[in-house]
4 protein chains.
Amino acid sequence: MSAGVVGQVAALRETVARLHRELTRYGLVAWTAGNVSARVPGQDLMVIKPSGVDYDDLTAESMVVCDLGGAVVDGGGSPSSDTAAHAYVYRAMPEVGGVVHTHSGYATAWAARGEAIPCWLTAQADEFGGEIPVGPFALIGGDDIGKGIVSTLSGHRSPAVLMRNHGVFTIGRDARAAVKAAVMCEDVARTAHLARALGQPLPIAPADIDSLYDRYQNVYGQRPPAP
Amino acid sequence: MSAGVVGQVAALRETVARLHRELTRYGLVAWTAGNVSARVPGQDLMVIKPSGVDYDDLTAESMVVCDLGGAVVDGGGSPSSDTAAHAYVYRAMPEVGGVVHTHSGYATAWAARGEAIPCWLTAQADEFGGEIPVGPFALIGGDDIGKGIVSTLSGHRSPAVLMRNHGVFTIGRDARAAVKAAVMCEDVARTAHLARALGQPLPIAPADIDSLYDRYQNVYGQRPPAP
Amino acid sequence: MSAGVVGQVAALRETVARLHRELTRYGLVAWTAGNVSARVPGQDLMVIKPSGVDYDDLTAESMVVCDLGGAVVDGGGSPSSDTAAHAYVYRAMPEVGGVVHTHSGYATAWAARGEAIPCWLTAQADEFGGEIPVGPFALIGGDDIGKGIVSTLSGHRSPAVLMRNHGVFTIGRDARAAVKAAVMCEDVARTAHLARALGQPLPIAPADIDSLYDRYQNVYGQRPPAP
Amino acid sequence: MSAGVVGQVAALRETVARLHRELTRYGLVAWTAGNVSARVPGQDLMVIKPSGVDYDDLTAESMVVCDLGGAVVDGGGSPSSDTAAHAYVYRAMPEVGGVVHTHSGYATAWAARGEAIPCWLTAQADEFGGEIPVGPFALIGGDDIGKGIVSTLSGHRSPAVLMRNHGVFTIGRDARAAVKAAVMCEDVARTAHLARALGQPLPIAPADIDSLYDRYQNVYGQRPPAP
């Protein structure tokens, strides 16, 4: 690695380790389940959580650097058991800079029924642009999970997929955006669950969903100053 | 701004920044959603949360001062994307000194079904004086949300409105009162949800609701010493 | 007050202030709702939470000492708006040394339907000796709440009553025991809710409930050494 | 005890005291309910929580050492009221090094209905190898609970049993593994509850459950370096 890449990797180790705190803060993970990764920009490399390590013990140093075939390039431990899925997504979707996986409870409940989450909330229109889709049942250990994520999310507005009987995978332009999508996915999955538990939620007109999505993607948040 | 107004604004920046902690403490918000504002008393100004900034990073300095047209008067960042709605409320309701917006889950579930929360709890009678009403579906970006809040809450006892498919807006004589209303709205929305989930809650007689509301608004809490 | 009573009161101020932390730790209260009191042993006095004060701001000094008519004896603030109910219980039930009131969500949901919590759990048999009963609807401001608590709990094993459309009152030999009953009441109310939400829980035979209750009341916990 | 055993016991006192923090972190226990124990390897001894002591006050010193008949060998306090059940498991299942008991809410709700948790989640297939079974109703105070645990879990893949109308017992090769099973049991019980609350979850094919279980037991986590 060049000195520049070494610096990039060091910074991403910090970022990825720290972003895992959002998973515990929002209660998206139990024990050591769940993981965050980041692509090293411009390299065939990613930084990912080690397998089976307590969230309290995650440090920048304990993160594992893998190539996009999933092989360990730097780091003493085994990478997340979901490494193959993350790597497949990075290979297939060059615009993706971060991937997150959780079994967050409400979202995974929709996944266990194989039901997409309908868009009943403006917050879901903002972040997901419509329903949150369901991906196929897939066994861990090969490329099946990665293929299921990519085939479901390619050409879809949603950065989150509910993998059947399994849990949530989210993507983003960077790891922070993917973590945000994971947090918002559970939040809307919960509110949608509560709404439907007592009756039939009201639909939002497709044109209104389009309008909300467009505005949120282009106006929300702090803007860099015009040059 | 006169020196007096400068001091008022500085104090409100502290207050508004600090009150956001109640939104996270009670789990009313996810990621950067949700916001608190305060009117600067006697001025056509308000202090509001910046857009898309982490709750952990909110400081008095990062708050944004806007006029009641929504234009930034002081502060380097973009104000909350809900600024137009807050400003509309302050223009239309001179008695309002604070506004809060959340997507808190149980209350938003009632909003997604377009159902007002019936008054099944003495705590709801105390704070809301009866049912918590539903406002119209409205798109962000103009005055529609503000108009929906004002038309629903004008002449209504409730300081909270459930905006359809969206979330909660609350008002108060100051920002702290509006935050209290947001906390209590989610609390009664949750208990009412749980009550109805297993059967039919018992009504409270309208005269009892009136009696509870009157007492709570006039007797509860610490009283200033008589002059 | 004699020096001995002054010391007793000072110790109870500490105890009562500190016990309120259990209400927030277990999520039994929102904003300033909920309160704990303790009888001053051998005196017609009680120590109780001030009205409408933030949980974070409760200190031994802010607690209010009242006589058992509810009049303030020591303390600068107004006592809890539920003081009359606590005082009524202490007057009517000399064996009670502590009283707690909450609107904890699952228990209050049963109260909103006016349904006692059936005894489906060994933990409920242990602590409550059977079902948790419902008390009448009663308005705040006189002795009606106190009378409803006392008439429901007198001669009943349960230290908790679900006051209709309102919330929970618990009693104990001291304030800590009453707080424990409030914590366990919400815990069993929640599990019973979840159990019935998906089907019909299995009953426990009355003789088994008796056996569990007897053992828990006489064997559980640390025993003082035999003399 | 030999010096070696004294050191083993001292280390297990630390481990067992500290592992109780996971029970409170994940909200598996209320007040003083719930307990963790560890077998002292190679000895007829176990280290267990004292009865009725606050979780905040648990220290290595306060843990109680008992023989596998349940008699106190070292420690000033009374051991957990569930000591007989833990001891029975250690006597009957020599491969078990840790036992945990909780009344965690979602899992106990399944137990209150006497329903095993079907395997609708890959996370459940990983950790439990299929459904989580129900054990018999049993009164505390003799060997009935222990017998119910052992008869249900012997020859079963699941390290967790839902004791009818009571709660969860989990086993593991050591105390940490038993705590992990208790955390995961509540997590899957919750997601399965949420999934079934709104419809019928999809089954996972038995061959896929076998495949997931085999992989997780043999590949997940950090591996010791090959010799």
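Key figures for this structure:
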| item | result |
| --- | --- |
| Copies compared at B:Gly69 - label distances in nm, ascending, label defined 7 Å from Cα in the Cβ direction | 6.3, 6.3, 9.0 |
| Copies compared at C:Glu95 - label distances in nm, ascending, label defined 7 Å from Cα in the Cβ direction | 5.1, 5.1, 7.2 |
| Spin-label pair B:Ser154/C:Met1, simplified geometry with 7 Å Cα→Cβ offset, distance in nm | 5.4 |
| Degrees separating the helix C:175-197 axis from the principal Cα axis of chain C, which is the longest one | 30 |
| Solvent exposure of region A:1-157 as accessible area per residue, Å², 1.4 Å probe | 34 |
| Residue with peak Gaussian network fluctuation, chain B [Cα springs, cutoff 10 Å], from B:Gly27, B:Gly135, B:Gly70 | B:Gly27 |
| Area accessible to solvent at D:Leu202, 1.4 Å probe radius, in Å² | 50 |
| Between helix B:206-219 and chain B: long-axis angle, C-alpha atoms, 0 to 90°, nearest 10 | 40 |
| Relative contact order for region C:1-144, counting Cα pairs under 8 Å that sit 6 or more residues apart, in percent | 20 |
| Highest-MSF residue in chain A out of A:Ala33, A:Ala182, A:Ala195 [GNM, Cα springs under 10 Å] | A:Ala195 |
| Cα pair distances of region C:32-105 binned at 10 Å [whole percent] | 22, 56, 21, 1 |
| Heavy atoms of D:Trp120 accessible to a 1.4 Å probe, total area in Å² rounded to 10 | 20 |
| Accessible surface of region B:29-98 [probe 1.4 Å, protein heavy atoms]: carbon and sulfur percent | 47 |
| Debye, to nearest 20: dipole size of region C:101-217, +1 on Lys, Arg Cβ, -1 on Asp, Glu Cβ | 180 |
| Probe 1.4 Å - accessible area at B:Phe137, Å² to nearest ten | 50 |
| Centre separation in Å (Cα based) which lies between region D:157-209 and region B:89-111 | 40 |
| Helix-only CD estimate at 222 nm, as mean residue ellipticity for chain D, using -39500 (n - 2.57) per DSSP H run (n ≥ 4) | -13500 deg cm²/dmol |
| Averaged over A:16-27, number of beta-carbon atoms from partner chains that fall within 10 Å | 1 |
| Amide N of region A:13-47 lying under 14 Å from the label point, which is placed 7 angstrom from the Cα of B:Ser62 along Cα→Cβ | none |
| For region C:71-227, fraction of C-alpha pairs farther apart than 18 Å, in % | 59 |
| Cα-projected label distance for A:Ala71 with B:Asp74, points at 7 Å along beta-carbon direction, nm | 6.1 |
| Solvent-accessible area buried by A and B, counting both chains, probe 1.4 angstrom, square angstrom | 2900 |
| At least 10 Å² of accessible area lost relative to the chain alone, listed for region C:88-126 with a 1.4 Å probe | C:His103, C:Gly105, C:Tyr106, C:Thr108, C:Ala109, C:Ala112, C:Arg113, C:Trp120, C:Leu121, C:Thr122, C:Ala123 |
| Entries in A:Lys49/B:Lys49; C:Lys49/D:Lys180; A:Lys180/B:Lys49; A:Lys49/B:Lys180 that, when Cα-Cα distance is taken, lie over 29 Å | A:Lys49/B:Lys49; C:Lys49/D:Lys180; A:Lys49/B:Lys180 |
| Cα coordinate range in region A:57-100, projected on the principal axes (Å, largest first) | 30, 17, 15 |
| Shape of region A:81-144, Cα gyration tensor, a/c cut at 1.5 | oblate |
| Residues whose placed amide H lies under 5 Å from that of D:Gly135, excluding near-sequence neighbours | D:Leu162, D:Met163, D:Arg164 |
| Mean separation of Cα contacts under 8 Å (6+ apart) over length of region D:68-223, as relative contact order % | 29 |
| Approximate spin-label separation B:Asn218-C:Ala205, in nm, with each point projected 7 Å along Cα-to-Cβ | 5.9 |
| Volume per residue that the Cα convex hull of region B:136-205 spans, once the total is divided by residue count, Å³ | 116 |
| P(r) histogram, all alpha-carbon pairs of region A:31-75 included - 5 Å bins from 0, percent | 5, 23, 33, 22, 13, 5, 1 |
| Accessible surface of region D:106-227, 1.4 Å probe, proportion on carbon and sulfur as whole % | 52 |
| Exposure ranking of A:His193, C:His103, A:His156 by accessible area [1.4 Å probe, largest first] | A:His156, C:His103, A:His193 |
| Gaussian network model of chain D, springs between alpha carbon atoms under 10 Å - residue of D:Ile140, D:Ile209, D:Ile171 with greatest fluctuation | D:Ile140 |
| Convex hull of Cα atoms in the protein assembly as shown, direction-averaged projection (nm²) | 40.9 |
| Label-reachable residues, region A:18-37, where backbone N falls under 18 Å from a point 7 Å from D:Arg21's Cα toward its Cβ | A:21, A:24-25, A:30-32 |
| Radius, Kirkwood style, for region A:1-124 when every pair of distinct Cα atoms is counted (Å) | 15.3 |
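The values are calculated or read from the model by the stated rules, or taken from the named source; none is laboratory data. Worth saying up front: this structure is predicted, and the values here are computed from it rather than measured. Using ideal geometry, Cβ is built from the backbone for each residue, glycine included, and neighbour counts are taken over all protein chains shown. Only protein heavy atoms, including side chains, enter the accessible area calculation; ligands, DNA and RNA are left aside. Shrake-Rupley method; radii C 1.70, N 1.55, O 1.52, S 1.80 Å.
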